Amino acid sequence: MVAFSQIFWLGAPHPVTYQSIILLMFSMNMGLAANSFGLDEPAEINRYLLFPLSGREILLGKNLGFAFIVAVQLSIMLPLASKLLAAKLVSVLALTALAYLGSLQFAGRKFERDWQKISYRLS
């Protein structure tokens, strides 16, 4: 990300360049998001179930960790972005938050229903 931010110091890049860099950063991190339980062992799945948490809360905790990593990486580039950044960020974040909350409800229920299958596939 530091290398990408150097592009902005050299001059004002084309807006598509900035969008491409953000898309590339998200695609490099998709392994973390798409493989949410991939690094867990079956015993760790059972440990999640010991807590008085719903599937929604378990997935929310994992997703907040991913969001923190992406936010740190974006914090390097955001101060260097183009005009109307605040309006664009608020609109994109609002739409993304609505979609995320809907998918979190679905994924949380699915995790609660299929935790044994997930644990079996990890072993």
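For the reader, a short list of remarks on this structure follows.
- Reachable aspartates and glutamates, given that their alpha-carbon falls under 12 Å from the alpha-carbon of Lys62 and they are not under 8 places away in the same chain: Asp40
- Spin-label pair Phe51/Phe106, simplified geometry with 7 Å Cα→Cβ offset, distance in nm: 2.4
- Cross-link reach is defined here as a Cα-Cα straight distance under 17 Å, omitting same-chain residues fewer than 8 places apart; for Lys110 the aspartates and glutamates meeting it are Glu57.
None of the figures in this text is laboratory data; all of them are computed from the coordinates on show. These figures come from a predicted structure and were not determined experimentally. We place every Cβ from the backbone using ideal geometry, glycine too, and count neighbours over all the protein chains shown.
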